[in-house]
Amino acid sequence: MPDTDPQEYSQFINRELSWLEFNQRVLDEALNTENPILERLKFLCISASNLDEFFEVRVAGLQQQRQSEIAEDSPDGMTPADQLAAISTRVRRFVDDQYACWGEDLKPALEKEGICFLHPEELDTERLKFLETYFFESVHPVLTPLAIDPVHPFPQLLNKSLNVLVKLGGKGLTTDLAVIQVPRILPRLIHLPGGSGNEFVFIAHAIARFAHSLFHGVLVESAHSFRVTRNSNLYFDEEEVENLLSTIESELRKMNRGKAVRLEVESDCPPELVERLLAIFNLNEDDLYWIHGPINLMRVMGILGDIDRPDLKYRAFRTHRVLPVSEDLDVYAFMRSKPVLLHHPFDSFGTVVDFIASAAEDPAVLAIKQTLYRTSGDTPIVPALIEASRNGKQVTVIIELKARFDEAANIKWAKMLQEAGVNVVYGLIGLKTHCKAALVVRQEGTGIRRYVHL
């Protein structure tokens with residue numbers, strides 16, 4: 001830091017507002033016409049996912065601080081209330097930019113390429129019949145409409161789950177509201193046959209179109225999508241818990257039902273219904289966001305794997321393998337000859353995977369010790385460590401259970417490793433083990449040699 005008075009608040013940029021400007025730069029890539037159109041769509045989706053996490057963690061934390069009597073000002077001099085007010089103003093502008101990017105820019109550009117997002121009202125008779133058949137065969141059986149009345153209070157909706165609010169009418173009703181929760185197992189986009197081959201309907205629109213089939217003898221006056229975002233912070237004292245894994249598992253079960261921090265509602269929802277939702281979730285106008293397009297843009301990312309248009313994407317990137325793939329290659333001799341520098345993502349991470357996998361199979365290897373922070377769902381590292389343990393090697397893994405939003409996955413890996421006889425350590429109290437490190441201990445001749453990856 002330069003030699004300045006720490007009380008000079010003007011020297012500091014607010015952490016939360018700075019983060020929002022970072023996310024603006026992600027959105028700017030979606031607005032950049034020099035990027036291929038499907039890559040621009042991906043950037044838009046990423047900006048939406050980023051904003052979700054911001055509300056789940058940062059906004060939720062500030063709201064708690066505002067309610068607390070011991071909250072401290074940030075280094076730039078803003079109180080939690082000041083920050084929340086500034087965030088609300090900036091995020092509204094950001095969300096407007098997101099949906100202008102979607103509705104005025106990307107959606108028309110995608111339509112020119114034959115990639116269309118259609119409303120049921122826009123479908124011809126044949127494709128509307130397909131949508132109806134798909135709904136009754138694949139969607140209707142897993143839906144459970146829930147009436148909202150004094151006997152049936154509002155359901156505990158999961159964090160970021162998609163829901164449809166239904167306004168009911170007719171004689172003899174005890175309530176005029178119902179909620180249809182959209183199960184997460186269902187795809188958010190329905191791929192239509194015919195046409196350009198790349199035409200989709202959002203599942204929420206399909207449910208709204210056929211909602212009447214779920215309410216026999218009752219008039220469905222309207223149906224509108226909404227989503228609630230909840231506090232996803234984990235709350236526990238590491239020094240007080242006896243079993244970190246079971247404590248985090250317990251906190252994860254609570255996380256989907258944390259306090260509501262944001263309500264997103266389709267722009268055509270009547271204001272009086274929105275007011276009732278705000279009251280139900282104990283939120284105010286500052287926490288409400290009107291959405292002029294699909295709720296949760298991140299779900300649009302799902303179409304990228306269905307569309308075979310390499311001309312609308314970046315050219316496939318080919319990584320370089322530093323260690324030549326060969327059955328004759330002695331990876332240890334190669335590493336003994338000189339240090340090996342890997343520059344990811346330009347150099348393939350497969351080199352690291354090969355290093356761990358070969359150590360698991362090598363009879364001369366006595367032990368493998370490794371840290372794990374985040375892993376992909378199909379990681380080859382964990383199976384290699386399990387294989388090493390089964391081959392009689394001493395395997396120790398520090399697996400960070402507190403990796404944000406990867407806690408559940410890491411708990412799964414930790415249990416699998418423990419069942420295979422691996423010594424699992426759950427990080428250090430008060431710290432996060434964020435580093436990536438591996439140590440292979442090998443018997444060579446009359447001595448021991450260690451090989452390290454950092």
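Inspection of the range 359-376 finds no residue satisfying the criterion of being part of a helix (DSSP H, G or I), without any contact (Cβ under 8 Å) to a residue 60 or more places away in the chain and within 30 Å of Glu104 (Cβ to Cβ). For the range 391-448, taking the residues that are part of a loop (DSSP other than H, G, I, E, B), more than 11 Å from Leu372 (Cα to Cα) and among the small types (Gly, Ala, Ser), the one that is modelled with the highest pLDDT is identified as Gly392. Of all the numbered requirements in (1) in a helix (DSSP H, G or I); (2) free of Cβ contacts under 8 Å to residues at least 40 places away in the same chain; (3) closer than 30 Å to Asn50 by Cα; (4) among the β-branched types (Val, Ile, Thr), Thr133 misses one, and that requirement is (3). Exactly one residue out of Glu111, Glu126, Glu104, Glu34 is within 24 Å of Trp290 (Cα to Cα) and among the charged types (D, E, K, R): that is Glu104. Checking each residue in the range 123-148 for being surrounded by fewer than 13 Cβ atoms within 10 Å (Cβ to Cβ) and either touching a Gly at 6+ places or on another chain (Cβ under 9 Å) or among the charged types (D, E, K, R) (or both) picks out Asp124, Glu126, Lys129, Glu137.
Among the numbered conditions (1) open to solvent by 40 Å² or more (accessible area, probe 1.4 Å); (2) at pLDDT 90 or above; (3) in a loop (DSSP other than H, G, I, E, B); (4) over 30 Å from Ile399 (Cα atoms), the only one that Leu186 does not meet is (1). No other residue among Val440, Val424, Val452 is of a type in the set (A, V, I, L, M) and open to solvent by 40 Å² or more (accessible area, probe 1.4 Å) apart from Val452.
Close Cβ contacts (under 7 Å, 6 or more residues apart or on different chains) running from residues in the range 97-116 that are buried (at least 16 other Cβ atoms within 10 Å of the Cβ) to residues that are modelled with pLDDT of 95 or more and of a type in the set (Ser, Thr, Tyr) comprise Gln98/Ser47. Restricting the first member to the range 77-88 and to residues that are free of Cβ contacts under 8 Å to residues at least 40 places away in the same chain and of a type in the set (Val, Ile, Thr), and the second to residues that are open to solvent by 40 Å² or more (accessible area, probe 1.4 Å) and in a helix (DSSP H, G or I), the beta-carbon pairs closer than 9 Å and six or more apart or on different chains are Thr79/Gln65; Thr79/Arg66.
Restrict the check to the range 313-335 and report whether at least one residue is in a helix (DSSP H, G or I) and open to solvent by 70 Å² or more (accessible area, probe 1.4 Å).
Scanning the range 313-335 turns up no residue that is in a helix (DSSP H, G or I) and open to solvent by 70 Å² or more (accessible area, probe 1.4 Å).
Can you find a residue in the range 153-175 that is open to solvent by 40 Å² or more (accessible area, probe 1.4 Å), free of Cβ contacts under 8 Å to residues at least 24 places away in the same chain and touching a strand residue (DSSP E or B) at 6+ places or on another chain (Cβ under 7 Å)? No - not one qualifying residue is present in the range 153-175.
The values are calculated or read from the model by the stated rules, or taken from the named source; none is laboratory data. The shown structure was predicted, so the numbers you read here are calculated from the model rather than taken from an experiment. Quick reminder, even Gly has a Cβ in these numbers, built from the backbone with ideal geometry, and neighbours come from all protein chains shown. Calculation scope for accessible area: heavy atoms of the full protein, side chains included, ligands and nucleic acids excluded. Shrake-Rupley method; radii C 1.70, N 1.55, O 1.52, S 1.80 Å.
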